[in-house]
Amino acid sequence: MKQILNLIGGTLCGAASGRTMADIEPATGLTYGTLADSDTADVAQAVAAAKEAFPAWSALGRTRRSQYLMQLAALVERDLELLARMESIDTGKPIALARSVDIPRAVANLRFFATAILHTREDAFITDRAAVNWVLRRPRGPAGCISPWNLPLYLFTWKIAPALATGNTVVGKPSEVTPATAEHLARLSIEAGLPPGVLNIVHGTGPAVGAPLVAHPDVPAITFTGGTVTGRAIAASAAPMFKALSLELGGKNPTVIFADADPDAALAGAVRSAFTNQGQICLCGSRILVERSLYEGFVEGFVARASAMECGDPLEEDTMQGALVSAAHRERVEAAIARAVGEGGRVHCGGGRPRGLPDRCRDGYFVLPTVITDLPEGCATDAEEIFGPVVTIRPFDDESHAIRLANATRYGLAASLWTRDIGRAHRVAAALDAGTVWINCWLLRDLRTPFGGMKDSGVGREGGDDALRFFTEAVTVCVGGESAR
Ligand code: NAD
């Protein structure tokens, strides 16, 4: 049995209470390890360690901090195969996806922020001859970094890399559902020689670990990626303490396909965006809007592709659809499908659990790719995030109808548009409520760009300069000049 430990002050340790909880492999439904079931006492120790390490780490200078992070990136890259396997076992995602996306992106996150700090410019403002103002960017202190289960190492490093690079120390709280790769990262951080207390990782549930971390008075910055309901609770706790807060929350993203799109590229893009990682990416396109003249042919083509996507053992090289992350999540997804049927939806394919899985996966948490049409406008299925392999397809009449349907949700994370009319692409992109709009592509990321959502999809932006700014406090230093004396 694998034992997943906390990292506090440079030492791997169990929860102070001695309690553990089960780590379950979603593809089999079996417990394959345990993790520290930590609580407020462990959080307090981790924050104390981060606070003690902060003065030296923040004073270390960017060159040396960059070297530590580059070393950590090299170790993650060295262990890519091991980490990909861990991620696949822990999440149920196909190993090919973990190997090609999750772990390489974790390496890229570390390298990106390790080098970004070497190349940024400082701001200076010269007030005629009266003054020179320059903006000092000071790390905030111990940062609380809370991440979800869908892209575990990818999103955990997306937070801790900029935090550490800018001179903060970190108390990280990975999802209790998928803790394995964060624990391996803890081991690699020791191997990389990261000074004790610079990176601390506390495992356990959201209420027992995440909530006290958010509420801790010595943690001035909280970055959170997860569900909107959790984000709201975190905001309620952190805002009265005036903490810096970055919230990356849920999505219900539209894929909008105009009749002038390249039909093959649009179909392939819509399928990929719907079902990658079993639809468990916040950026997945779960509401597909298709111009009416294309609609019937598109639905036929989409359903043919979705029906051909078989679920399989995530550890098999050619598996494209793995398991959902937990029994509880599968129940939520199945309840959402039942609700869609109750709302009058027509299920073209999927709608339930697959047959004929390998013996090892008999009790795993699989749901087939599911395509639903004919739902009434304004239904709950099109309003609530399902976060599984379930999409709806709906026709639209013209550009303004497409925009109205696309924006008819309380989320505003991402959208993808498929059109060959460049004028329309720009017009519609500017009218959509989405933090990221992809045109004729999906999930293409330049780590320098601002990333985040509007409306109920979050507050703030991460990535590039936005992340470097989030983790630093600006101090304007005004030096009086000749005419100020
Ligand atoms: P979640 O909100 O249940 O949990 C996320 C993390 O928060 C976990 O580590 C959890 O233990 C912790 N947590 C739970 N309650 C807490 C509390 N009261 N205080 C502090 N921490 C707490 O989300 P999830 O189910 O792990 O992830 C799925 C959600 O994440 C989906 O809604 C998805 O859209 C969203 N997501 C968003 C993005 C984005 O970039 N916007 C990226 C990935 C996932």
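The values are calculated or read from the model by the stated rules, or taken from the named source; none is laboratory data. Predicted model only: the values in this text are computed from it and were never measured. Note: ideal-geometry Cβ built from the backbone for every residue, glycine included; neighbour counts use all protein chains shown. Each accessible area value is taken on the protein alone, full model and side chains, heavy atoms only, with ligands, DNA and RNA left out. Shrake-Rupley method; radii C 1.70, N 1.55, O 1.52, S 1.80 Å.
General remarks:
- Degrees separating the helix 80-91 axis from the principal Cα axis of the chain, which is the longest one: 60 degrees
- The range 253-439, accessible area per residue, ligands and nucleic acids excluded (1.4 Å, Å²): 40 Å²
- Order of exposure, largest accessible area first, which applies to Met454, Met86 with probe 1.4 Å: Met454, Met86
- Note on exposure: Cys478, Cys349 ranked by accessible area (1.4 Å probe, complete protein assembly) read Cys478, Cys349, with the most exposed listed first.
- Length gained when the stretch Ala338-Thr127 is fully extended (0.36 nm per residue, less Cα-Cα span): 69.5 nm
- Thr31 versus Asp374: modelled label distance in nm, points set 7 Å from Cα along the beta carbon direction: 4.5 nm
- The calculated FRET efficiency for Asp359 paired with Met1, based on their beta-carbon distance and R0 = 22 Å, is about 0.55.
- Between the helical axis of 228-238 and the longest alpha-carbon principal axis of the chain there is an angle of about 20 degrees.
- Restricting attention to the chain, lysine pairs at least eight places apart or on different chains and with alpha-carbon atoms under 23 angstrom apart total 15.
- Unit charges on C-beta of K, R, D, E only; dipole of the chain, Debye: 1160 debye
- Per-residue Karplus couplings for the range 355-370, computed as 6.51 cos²θ - 1.76 cosθ + 1.60 with θ equal to phi - 60°, are listed in order as 10, x, 6, x, 3, 4, 9, 3, 9, x, 9, 9, 9, 6, x, 10 Hz, Gly and Pro entered as x.
- Protein-only accessible surface at a 1.4 angstrom probe places the residues Val107, Val437, Val479 in the order Val479, Val437, Val107, largest first.
- Packing-based ranking of 211-222, 261-272 yields 211-222, 261-272, ordered from highest to lowest mean Cβ neighbour count within 10 Å.
- Whole-Hz couplings from phi, Karplus 6.51/-1.76/1.60, listed for the range 323-335; x for Gly and Pro: 9, 6, 6, 7, 5, 5, 5, 4, 4, 5, 5, 5, 5
- Label-to-label distance, Asp421 versus Arg272, with points set 7 angstrom from Cα along the beta-carbon direction: 2.5 nm.
- Peptides 323-332, 192-201, 59-68 ranked from most to least packed by the mean count of surrounding Cβ atoms within 10 Å: 192-201, 323-332, 59-68.
- Cα lying deepest toward the dipole's positive end in the chain, options Pro263, Pro139, Leu35, charges on Cβ: Pro139
- Extension gain, Glu317 back to Met241 (0.36 nm per residue minus Cα-Cα distance, nm): 22.5 nm
- Amide H contacts of Gly172 (H built 1.01 Å from N, in plane; Pro and chain starts excluded): Cys145, Asn200, Ile201, Val202 sit under 5 Å, all sequence-distant by 5 or more or on other chains.
- With all protein chains in place and a 1.4 Å probe, the accessible surface of the chain carries 55 percent carbon and sulfur.
- Degrees between helix 40-59 axis and first principal axis of the chain (Cα, 0 to 90, nearest 10): 60 degrees
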